[in-house]
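Novice: Structure incoming, see below.
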Amino acid sequence: VTLLAVVLTMVGVMAVPAAADGEFTFTDSVTFQDVDPCTGELTTITINVLVQVHEHPDDVFIRVRRTGYTDTGYVMAHGWQRISITDGVFQAQFEDPWNNPGTGEKFGAASRFLEVDGQVIVDDFVLICLS
């Protein structure tokens, strides 16, 4: 399972049907295996999310605060994700900066997705070693 697949799965879980105006918050966590982009080795990643959903009859806006850790010592303290569903437009983006205090290595994961009237316009994902 890749980081992108996990993110898209989370987006699917959070894409709630439009209802009356409202706001709610929940937390969730997901653990999966992926390749460490700095070493090429398999690592177990845990991502914890605090999800804030704001709904209107025709719009949904979601803000996610993300933290996490890996079994190889990486820590993510300030990841984020934003999702909006409005007037035939679905937009999602996230950025997760990771660092390993023990080795000094850093990597980043980021994605941007845009769909307009059912047509995918942008679908970018980057997982890169920064050290």
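Novice: In percent, how large is the relative contact order of the range 73-131, given Cα pairs closer than 8 Å and 6 or more residues apart?
Specialist: Working: 130 pairs, mean separation 17.0, N = 59.
29 percent.
Novice: While we're here: Whose amide H sits under 5 Å from the amide H of Thr72, counting only residues 5 or more places off or on another chain, with H placed in the peptide plane?
Specialist: Under 5 Å from the amide H of Thr72: Thr44.
Novice: So how far apart, in nm, are the two label points at Glu95 and Phe125 if each is 7 Å from Cα heading toward Cβ?
Specialist: It is 2.0 nm.
Novice: What is the distance in Å between the Cα centres of the range 67-131 and the range 28-65?
Specialist: 8
Novice: Now for a separate question. With θ set to phi - 60°, apply the Karplus curve 6.51 cos²θ - 1.76 cosθ + 1.60 along the range 112-120 and write out the HN-Hα couplings as whole Hz, x wherever there is a Gly or Pro.
Specialist: Each residue's phi maps through the Karplus curve to give 9, 9, 9, 10, 10, 6, x, 9, 6 Hz.
Novice: Report the calculated FRET efficiency for Asp59 and Thr25 (r = Cβ-Cβ distance, R0 = 30 Å), to the nearest 0.05. Walk me through the numbers on the way to the answer.
Specialist: Working: r = 18 Å, r/R0 = 0.59.
Step by step, r from the Cβ atoms, then E = 0.95.
None of the figures in this text is laboratory data; all of them are computed from the coordinates on show. Everything quoted here is computed from the prediction, not taken from an experiment. Glycine also receives a Cβ, built like all others from the backbone with ideal geometry; neighbour counts cover every protein chain displayed.
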